[in-house]
Amino acid sequence: MLSTYQYPKYDYVQAPEQKSGVTKRHPVVVVGAGPVGLAAAIDLAQFGVPVVVLDDDNSVSVGSRGLCYSRRTLEILDRLGVGDDTVAKGVSWNVGRTFFNDTEVFNFNLLPQPDFKRPGMVNLQQYYLEEYEIKRAKDLPNLDLRFCNKVVSVSPEDNGATLQVETPDGIYTLETDWLIVADGARSSIRRMLNLEIDGKVFMDRFLIADVVMKADFPVERWFWFDPPFHKGQSVLLHREADNVYRIDFQLGWQADPEEEKKPENVIPRIKAMLGDDREFELEWVSVYTFQCRRMTEFRHGHVLFAGDAAHQVSPFGARGANSGIQDTDNLVWKLKLVMDGKAPDGLLDTYSEERVFAADENLMNSTRSTDFITPKSNTSLTFRNAVLSLAREHAFARALVNSGRLSVAANLTQSRLNTPDTADFRGDMVPGAAMDDAPMQEEGQQFWLLDRMGRQFTALVYVIDPAALDATFARNCKALASGEIAVEVILVSPNPGPAPEGLRVFVDQAGRFAERFDAADGTVYLMRPDQHIAARWRTFDANSITAALARATCNVH
């Protein structure tokens, strides 16, 4: 098979513990140098936390694998320093189309509103994302990335864990205060600790083919139910970087995975779809089954699970890598506060609570998609085909079409870290939601709001006239910024100022912030370090912000 991508090989370097023969203790060890483990490690290192990453391989993953990255994930990748590379190399898209036989019955637009920095989705082969993350990791001085380091045993302790690590130079011992496990769906560490992952394996198989070809297909997601070129089954088509197209063919449970992966069996399927005249080359082929499973809890003392090691979903909906990267975004700021002694250990329990909630939402949507795509009874098949037949003309039927509800950020509306509303608000920016982006200006410079949010608690205060704010307001803002857990106060206004000394004004020129956050004069939003909304009010009150901060960090006594 042709590969347009040159897989890098990273150098193995003997660990300091092996050179010295002395066992070292590290603040954090991450197992797994895939997209999720690297995201956690980069985030920790950017917080100033020394971190060691262990991976049993010395290259990136083979094949497209985690392909679609949602707007929310792209915003996180921006904070990790790899967003621009991902978007520049990837294929941006917002429109998806669904076909029944050869007739379009439904389409959607992931980004119907203007004025967002990032598109609804970007398609990029997983190996590129890992390459960008590894490059970023190597640029961080407090991140020790160790290839060809395989964890062969884990001994959890009350205050950390001890690991035995196998390398080309033998086995050495490593100690850590905190262990983040991101070693994938077949997690060896999960098995070592005898931890279960429960759920459902769907009785169906799908063939993935990465195909290199020149085609003028629109940059869209196309999904066929019962197409004429693959009768009785379904097919998905995505465009990737480098003129690669990802095609997923439903095979049925009786298909032999090894036989189906042979080129002599794959090529006729692709020719039936594309026609005999189109030239193409196979880059990568795989066969997979649907799995919708999760661990009961993602936290086990000082061992924290993330990504596919903690939860697995079917690929339709792009919920795997997206949810895993969002796991780490939730985890790292909490771990940093606990390590610094600024929040109690129990804050990490909310990592498990919130991300189990998000995983259950993903599992529900993934299961519903799978049931619609692969009906397991004649009744279900009849219902599905009736829905598809009606969808072209009737809105109620379009709402029932399910070729994979695509990944969005989880609304953590039930989180105990939220402060309930005390006033009426409209719109989607409820406590627990991930905040929307908006175009801004400061001192004549144009920028995006999320790019200036950082990784701290932030209070966004919407004011019509910044010059009208008094000295008391400024003193309260200064006190919030100098607290043990700092809250940066930023003014958002349709007018440029001036403002009290020490306060910044983000000018909402297009009015998108006011629109998306239902902001009137005096409205306040308290944002967590992961840009989820912790609380909101119609008037600024420093005591209310302090109380909401305590609640959001489990510092309520």
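The values are calculated or read from the model by the stated rules, or taken from the named source; none is laboratory data. Only a predicted model underlies this, so the values are computations on that prediction, with no experimental measurement involved. A quick note on method: Cβ atoms are made from the backbone with ideal geometry, for glycine too, and the neighbour counts reach across all protein chains shown. Accessible surface is based on the protein model in full, side chains and every heavy atom, while ligands, DNA and RNA are left aside. Shrake-Rupley method; radii C 1.70, N 1.55, O 1.52, S 1.80 Å.
Here are the numbers for the structure shown:
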item: Most to least packed among 65-73, 379-387 [average Cβ atoms within 10 Å]; result: 65-73, 379-387
item: Values of log10 I(q)/I(0), in the order q = 0.19, 0.20, 0.21, 0.22 Å⁻¹, for the range 50-180 under a Debye, Cα-only, solvent-free model; result: -1.10, -1.16, -1.22, -1.27
item: By average C-beta atoms within 10 angstrom, highest first, the peptides 77-87, 254-264; result: 77-87, 254-264
item: Solvent-accessible area per residue, Å², over the range 72-151 with all protein chains present [probe radius 1.4 Å]; result: 37
item: Potential lengthening between Val152 and Asp57 on full extension [0.36 nm per residue; Cα-Cα distance subtracted]; result: 32.8 nm
item: Lysines with Cα under 16 Å of Lys138, excluding same-chain neighbours fewer than 8 positions away; result: Lys9
item: Over the chain: helical MRE at 222 nm, DSSP H runs n ≥ 4 each giving -39500 (n - 2.57), nearest 500; result: -8500 deg cm²/dmol
item: Protein accessible area in the chain, 1.4 Å probe - carbon and sulfur %; result: 47
item: Where only alpha carbons of the range 375-475 are counted, the Rg and the Dmax (Å); result: 22.7, 72
item: Volume of the Cα convex hull of the range 479-557, divided per residue and given in Å³; result: 100
item: Computed accessible area, His311, all protein chains, 1.4 angstrom probe, square angstrom; result: 10
item: The range 165-230 pair-distance distribution - Cα-Cα, 5 Å bins, rounded %; result: 3, 8, 9, 16, 13, 8, 10, 11, 10, 7, 4, 1
item: Inter-site label distance for Asn142 and Phe447 at 7 Å from Cα along Cβ, in nm; result: 2.2
item: Residues of type aspartates and glutamates that Lys200 reaches as a straight line, Cα spacing below 14 Å, ignoring anything fewer than 8 places off in the same chain; result: Asp360, Asp371
item: Cross-link reach list, lysines versus Lys231, counting only Cα pairs under 22 Å and skipping chain neighbours closer than eight places; result: Lys261, Lys262, Lys271, Lys376
item: Stokes-Einstein D in µm²/s, Kirkwood radius over Cα pairs - the range 1-121 at 10 °C with 1.306 mPa s viscosity; result: 88
item: Cα-derived Rg to Rh of the range 151-293, Kirkwood definition; result: 1.14
item: Semi-axis lengths (Å, descending) of the ellipsoid that matches the C-alpha gyration tensor of the range 108-180; result: 38, 17, 13
item: Solvent-accessible ranking of Trp178, Trp253, Trp222, largest area first, probe 1.4 Å; result: Trp253, Trp222, Trp178
item: Label point distance in nm, Ala550-Arg25, each placed 7 Å from Cα along Cα→Cβ; result: 3.2
item: Which of Lys9, Lys138, Lys271 is most accessible, then next, and so on - probe 1.4 Å; result: Lys9, Lys138, Lys271
item: Anisotropy class of the range 51-98 from Cα gyration tensor, a/c 1.5 cut; result: oblate
item: The range 448-508 - accessible surface per residue (Å², probe 1.4 Å); result: 44
item: Stretchable slack from Ala474 to Ala486, in nm (0.36 nm times residue separation minus alpha-carbon distance); result: 2.8 nm
item: Whole-number accessible area per residue in Å² for the range 291-438, which is evaluated in the context of all protein chains at 1.4 Å; result: 38
item: Accessible surface of Met203 - all protein chains present, 1.4 Å probe, nearest 10 Å²; result: 110
item: Two-decimal ratio, the chain, of alpha-carbon radius of gyration to 2.2 N^0.38 Å; result: 1.02
item: Packing-based order for 432-439, 283-290, using average beta carbon neighbours within 10 Å, highest first; result: 432-439, 283-290
item: Loop-resident sites, the range 183-227, for trypsin sites (Lys or Arg not before Pro), counting at most 13 other Cβ within 10 Å (DSSP); result: Arg186, Lys214
item: Near-label residues of the range 296-316 by backbone N, under 16 Å of a point 7 Å along Cα→Cβ of Asp345; result: 299-304
item: Asp84 paired with Ser377, simple spin-label distance in nm, labels 7 Å along Cα-to-beta-carbon; result: 5.6
item: Residue-span extension gain [Met364 to Lys271] - 0.36 nm each, minus C-alpha spacing; result: 30.0 nm
item: The range 391-446-the range 493-534 distance, computed between alpha-carbon centres (Å); result: 18
